[in-house]
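Got a structure for you, questions after.
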């Protein structure tokens, strides 16, 4: 349902810990300007043990919806009363809507990732070989939409192989439906190279080394880090050094936000335009 901007501005927010550097308020304010929607979008820093209370407080304040970032995506899925198929598959949610006393959960991370890879980077996923590095909430949110794009093969690599195997097992029916070969491996056991490497770990954020060997890259491979800004630099530099095409996750951030905005407001804002403006804004600072 699209709400008229003539009504009092609806309240939305991003919840996380940390959250002070989130670009979401700027992105959603720009979306609202471009689509003529009246809304207020805040940052809310949530204590690590206070997520459930934060949701109650936000709903009591008249909140209509919120984006969820680290480390609350798993808790967000559990807190919901209605879960989309994407949330059920991933076990994680990044978009909550408060409707008639119920909490509806969705996960737009994977949709944002696929949109930025296919449209932003101009890289068609169909019949490609894809390496997904990591098996946490970010990887879980990405795997379903990645498989739906029809790649030939997806390998999930994670330091704790059991977590990668659990992710592969939960997505096996979808992979079979798409006729995509899906498997789990230890990062150091990887022997093949790939068309696309996606870093869904927090290694960039922690300043750790790149979690996979350089032999996974082909000349011209797309190397995608879900992080953006300084956090992504080590991975992107590694990709450049080995002849791959680097891309950070800023486009994913904008596209997943655009999909959340569509869920809340019934209109999809122009992601590519807002991404270009955000890149220019960040380069100026």
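The values are calculated or read from the model by the stated rules, or taken from the named source; none is laboratory data. Everything numeric in this text was worked out from a predicted model, so none of it was measured. Every residue, glycine as well, gets a Cβ built from its backbone with ideal geometry; the counts of neighbours run over all protein chains shown.
Does residue 87 qualify as being in contact with a helix residue (DSSP H, G or I) (Cβ under 7 Å, 6 or more places away or on another chain), under 19 Å from residue 259 (Cα atoms) and either without any contact (Cβ under 8 Å) to a residue 40 or more places away in the chain or in the same structural domain as residue 270 (by TED's automatic domain parsing) (or both)?
Yes.
Out of curiosity, is residue 170 outside any helix (DSSP H, G or I) and more than 19 Å from residue 224 (Cα to Cα)?
no
Checking residue 147 against (1) over 26 Å from residue 122 (Cα atoms); (2) touching a helix residue (DSSP H, G or I) at 6+ places or on another chain (Cβ under 9 Å): exactly one of these is not met. Which one?
Going through (1) over 26 Å from residue 122 (Cα atoms); (2) touching a helix residue (DSSP H, G or I) at 6+ places or on another chain (Cβ under 9 Å) one by one, residue 147 breaks only (1).
Scan region 107-124 for residues that are crowded, with 24+ Cβ neighbours inside 10 Å and not in a helix (DSSP H, G or I) and jot them down.
107, 108
Take residue 243 and decide whether it is within 30 Å of residue 65 (Cα to Cα) and touching a residue at least 12 places away in the same chain (Cβ under 8 Å).
Details: within 30 Å of residue 65 (Cα to Cα): no; touching a residue at least 12 places away in the same chain (Cβ under 8 Å): yes.
Considered against the rule, which asks whether it is within 30 Å of residue 65 (Cα to Cα) and touching a residue at least 12 places away in the same chain (Cβ under 8 Å), residue 243 comes out as no.
Oh, and also: Please verify whether region 226-237 includes one or more residues that are buried (at least 24 other Cβ atoms within 10 Å of the Cβ) and within 29 Å of residue 97 (Cβ to Cβ).
Yes: one or more hits.
With respect to residue 143, is the statement that it is in contact (Cβ under 8 Å) with a residue 40 or more places away in the chain, in contact with a strand residue (DSSP E or B) (Cβ under 7 Å, 6 or more places away or on another chain), over 15 Å from residue 252 (Cα atoms) and crowded, with 23+ Cβ neighbours inside 10 Å true?
no
Kindly check whether there is at least one residue in region 132-140 that is touching a residue at least 60 places away in the same chain (Cβ under 8 Å), more than 19 Å from residue 234 (Cα to Cα), in contact with a strand residue (DSSP E or B) (Cβ under 6 Å, 6 or more places away or on another chain) and not in a loop (DSSP other than H, G, I, E, B).
So far as region 132-140 goes, yes, one or more of its residues are touching a residue at least 60 places away in the same chain (Cβ under 8 Å), more than 19 Å from residue 234 (Cα to Cα), in contact with a strand residue (DSSP E or B) (Cβ under 6 Å, 6 or more places away or on another chain) and not in a loop (DSSP other than H, G, I, E, B).
State whether one or more residues within region 50-63 are over 18 Å from residue 97 (Cα atoms) and modelled with pLDDT of 95 or more.
Scanning region 50-63, I find at least one residue that is over 18 Å from residue 97 (Cα atoms) and modelled with pLDDT of 95 or more, so the answer is yes.
Every residue in region 158-171 that is more than 20 Å from the chain's Cα centre (by Cα) and surrounded by 12 or more Cβ atoms within 10 Å (Cβ to Cβ), please.
Across region 158-171, the qualifying residues are 159, 161, 165.
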